[in-house]
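I have placed the structure first, in the form of structure tokens, so that the comments after it can refer back to it.
The values are calculated or read from the model by the stated rules, or taken from the named source; none is laboratory data. The structure presented is a predicted model; accordingly, all values stated were derived computationally and were not measured. Here the Cβ positions follow ideal geometry from the backbone for every residue, glycine too, while neighbour counts run over all protein chains shown. Side chains are part of the model used for accessible areas, which takes the heavy atoms of the whole protein and leaves out ligands, DNA and RNA. Shrake-Rupley method; radii C 1.70, N 1.55, O 1.52, S 1.80 Å.
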Amino acid sequence: MVEDSLKQQCVRVTDYSEGDEFLIVRLEHVEPALNIVNFYGMQEGKEGEEGKKKVMDSWTKLKKELLMIEGRNEAVVVMGDFNRAIGNDQFGVPGNKEKISYGGEMVRDLIREGEYVLVNRLGLTEGGPWTRVDPALGVLSCLDLTLVSSNLLSYIRGFVIDDERRFTPRRTERRRGKFGFTYT
């Protein structure tokens, strides 16, 4: 979603929808240009080895796009529902589960290389850092992530996880004669 006032300065760069899904939009009205990657990671454990291959293939494609953006010295924000267990150490989210999935290890590699910073762990979070509650056990975890290229770090003043659904997209539905909301 791009605000109407920005549509003339916005270019759809690429999208990918096999395994992990991502869409890259480039905003050209700022210096350096800002690339926003909306990312949805497939759930890793659902398809076994075939799923693992899909995750690896799509991550390779995303990394290729990120390398091209870096080569142009542009800025990047990668955000979305990664569905990746990234642990709780210096490359994860403090207080998160210890588990690190194979896709989570790929995210951690991106952070480890130093070109990207995990915003979820900066201590600037309002309403988080938890982005998921396991409905069966009530266990909290952080699967929705935001990474920024290190050249954007000085611009970050805060980070809001919309746990109160103040600006989460929703649709109105009628159920049993009453109107209610279904959130994304």
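So the values come out like this:
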| quantity | calculated |
| --- | --- |
| Subset of region 30-82 [modelled with pLDDT of 90 or more and on the phi > 0 side of the Ramachandran plot] | Asn73, Gly80 |
| Residue within region 38-50 that is among the acidic types (Asp, Glu), within 18 Å of Val148 (Cα to Cα) and open to solvent by 20 Å² or more (accessible area, probe 1.4 Å) present | no |
| Selection status of Arg112, over 24 Å from Leu66 (Cβ atoms) and open to solvent by 90 Å² or more (accessible area, probe 1.4 Å) | no |
| Residue check for Val148: out of contact with any Leu (no Cβ under 7 Å at 6 or more places or on another chain), among the β-branched types (Val, Ile, Thr) and within 29 Å of Gly48 (Cβ to Cβ) | no |
| One residue from Lys97, Lys178 being basic (Lys, Arg), closer than 25 Å to Asp20 by Cβ and over 16 Å from the mean Cα position of the chain (by Cα) | Lys97 |
| Test: Arg121 is within 27 Å of Leu62 (Cβ to Cβ) and surrounded by 15 or more Cβ atoms within 10 Å (Cβ to Cβ) | yes |
| Test for Tyr155: is it of a type in the set (Ser, Thr, Tyr) and under 23 Å from Asn35 (Cβ atoms) | yes |
| Which numbered condition Lys97 misses (of (1) buried (at least 19 other Cβ atoms within 10 Å of the Cβ); (2) outside any helix (DSSP H, G or I)) | (1) |
| Residue in region 127-148 that is surrounded by fewer than 13 Cβ atoms within 10 Å (Cβ to Cβ) and touching a residue at least 40 places away in the same chain (Cβ under 8 Å) present | yes |
| Members of region 61-94 that are open to solvent by less than 10 Å² (accessible area, probe 1.4 Å) and not in a strand (DSSP E or B) | Leu62, Leu66, Ile69, Phe82, Arg84, Gly87, Gly92, Val93 |
| Every pair of residues 6+ apart whose Cβ atoms lie under 6 Å, when the first sits in region 154-180 and is open to solvent by 100 Å² or more (accessible area, probe 1.4 Å) while the second is at pLDDT 80 or above and not hydrophobic (A, V, I, L, M, F, W, C) | Arg171/Thr182; Phe179/Thr172 |
| Residue within region 16-29 that is farther than 24 Å from Leu140 by Cα, at pLDDT below 85 and either in contact with a Gly (Cβ under 9 Å, 6 or more places away or on another chain) or open to solvent by less than 60 Å² (accessible area, probe 1.4 Å) (or both) present | yes |
